[in-house]
Amino acid sequence: MRTLNVGLIGGGFMGKAHSLAYAALPMFFWPAPALPVRKILAEATDEIAADAAARFGFEKSTSDWRRVVEDPDIDVIDIATPNHLHAEIAVAAAAAGKHILCEKPLARTGEEARGMYEAVRGTDLVNMVAFNYRRTPAVALARKYIEEGAIGRILNFRGTYLQDWSADPNAPLSWRFQKAIAGSGALGDIGTHVIDMARYLVGDIASVNSILSTYIPERPLQEGGADSLGVSRGSDGPRGEVDVDDEVMTMLRFTGGAVGSLEATRNAHGRNNFITFEIHGTEGSIYFNYERRDELQVAFNSDGADRRGFRTVYTGPSHPYGEGLWPIPALGIGYGETKIVEAYDFFTAIVEGTQVSPNFADGYRIALVADAITESAGKGSWVDVPTVGD
Ligand code: NAI
Ligand code: SOE
């Protein structure tokens, strides 16, 4: 069986999720498209790199990501660093002829994302952005219903991504609250996941009318390191400015004529990873809530008058990716499974010489939507999303 050598850059939360996916890929999908070999892991320092490599099963470690990109033995570069490093690493990786899996958001701005898209455009390099939630079987099932015409022409998309880990004003000023590193706040961090699903399920977004709000203007300083995702390290020290949004709300107009809305915040007490969408069509509706991710709620115009309302479909072996996952519906899809499926699709594309979605072209278009949301919030009016040719 073919092997592909992986160089992973960044050994935090996503380093863990991707490493788990590489180890688990052949256990779920067999025969595997290829066996991922966890070859080398780069981190910010030699010590963190060695520790992460030992934990995540990599053969070698380094504190210099350029060594990984330049290593002729490496086939795949996996970018799992904070956002400000995505572009530089991806452009270098493309120049070195590597396939690239890059964490979301692709970049801090549309301009930065364009450079990444152009670096892979016209090459045979498989490039993927790790918007993994669309790989939840119930989300892929929603797309199947839509493609089959089960809910007719789409009229409306309502998406939310609500968390509460940053609601504590003493949660540290990690990289996610710094524009220079993250690009934006809730918008880029979690709003882009919803934009990805909106595009996946409904289509391209033509224009937006948006509000961005910042509720906690300063937070305790944090010295480098992985994001503790809200775990307070004490509130006595000096504080620094938060220069990103805590909440994004936007109306959407899709190029196909549907309308929609998106709300995302990390300050919603009681909400943890509350990713939802409700889609209304001329013939029915679909509702999904990631906190109940084995389930898809569906309702159809053709349901009898005495059967009106949503009913639950539990995902399992008959649904997208089901054959590789668990043998009985509703056994429990987890976050890890979405990353295993993502790795499966990525490695399949490499072996079959095809492309995968969402790729850097999609990541670029999503970054342009995020830019339009920022511009609209500043102007207080509708802003068109620039169109990009293929
Ligand atoms: P994290 O803060 O947990 O880990 C980032 C790691 O990158 C840290 O360990 C840090 O030391 C390391 N790093 C910093 N500079 C480096 C350098 N020069 N070379 C090598 N490593 C370096 O962050 P997390 O949560 O893992 O996020 C990483 C990326 O993944 C971000 O782009 C984020 O938006 C994305 N993400 C995506 C998720 C998804 O659901 N698809 C979930 C969480 C994060
Ligand atoms: C924090 O909001 C975070 O880790 C995001 O960065 C991820 O993209 C999301 O999947 C989970 O929450």
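Considering the dipole of segment 3-133 built from charges on the beta carbon (Lys and Arg +1, Asp and Glu -1) around the Cα centre, which of Y117, A21, T81 is farthest to its positive end?
The Cα lying farthest towards the positive end belongs to A21.
Put +1 on the Cβ of each Lys and Arg and -1 on the Cβ of each Asp and Glu in the chain; which of L325, G237, W65 then has its Cα farthest toward the positive end of the dipole?
Of the candidates, L325 comes out farthest on the positive side.
Which pairs break 18 Å Cα to Cα here: K16/K60; K16/K98; K104/K339; K39/K98; K98/K179?
Beyond 18 Å between Cα atoms: K16/K98; K98/K179.
Mind pulling up the Rg/Rh value for segment 3-133? Radius of gyration and Kirkwood radius, both on Cα.
0.95
Looking only at the chain, where both bridge partners belong to it, what percent of the DSSP beta bridges are antiparallel (to the nearest 5)?
So the antiparallel bridges in the chain amount to around 60 percent.
If you split all Cα-Cα distances of segment 303-352 into 5 Å bins from zero, what percentages do you get per bin, shortest first?
4, 18, 19, 17, 13, 11, 7, 6, 3, 1, 0
Arranged by the count of other C-beta atoms within 10 angstrom, fewest first, what order do I328, I211 take?
Fewest-to-most Cβ neighbours within 10 Å comes out as I328, I211.
Over segment 238-390, with a single point scatterer placed on each C-alpha, what log10 of the ratio I(q)/I(0) does the Debye formula yield at q = 0.10, 0.19 1/Å?
Log10 of I(q)/I(0), two decimals: -0.57, -1.39.
First obtain the Kirkwood hydrodynamic radius of the chain from its Cα pairs, then insert it into the Stokes-Einstein equation at 20 °C and 1.002 mPa s, and state the resulting D in µm² per second as a whole number.
The Stokes-Einstein estimate is 99 µm²/s.
Give me L229, L212 ranked fewest to most by other Cβ atoms within 10 Å of their Cβ, as a rough exposure proxy.
The fewest-first ordering by Cβ neighbours comes to L229, L212.
With charges only on Cβ, +1 for K and R and -1 for D and E, what is the dipole size of segment 3-133 about its Cα centre, in debye, rounded to 20?
I would put it at about 320 debye.
Taking only the alpha-carbon atoms of segment 141-205, what semi-axes of the equivalent ellipsoid follow from 5 times the gyration tensor eigenvalues under a square root, in whole Å, largest first?
That gives 33, 12, 8 Å for the three semi-axes.
Determine how many Å³ per residue the convex hull of the Cα atoms of segment 217-275 encloses.
Cα convex hull per residue, to the nearest whole number: 143 Å³.
None of the figures in this text is laboratory data; all of them are computed from the coordinates on show. Predicted model, so just to flag it, every value in this text is computed and none were measured. So basically every Cβ, Gly included, is an ideal-geometry build from the backbone, and we count neighbours across all protein chains shown.
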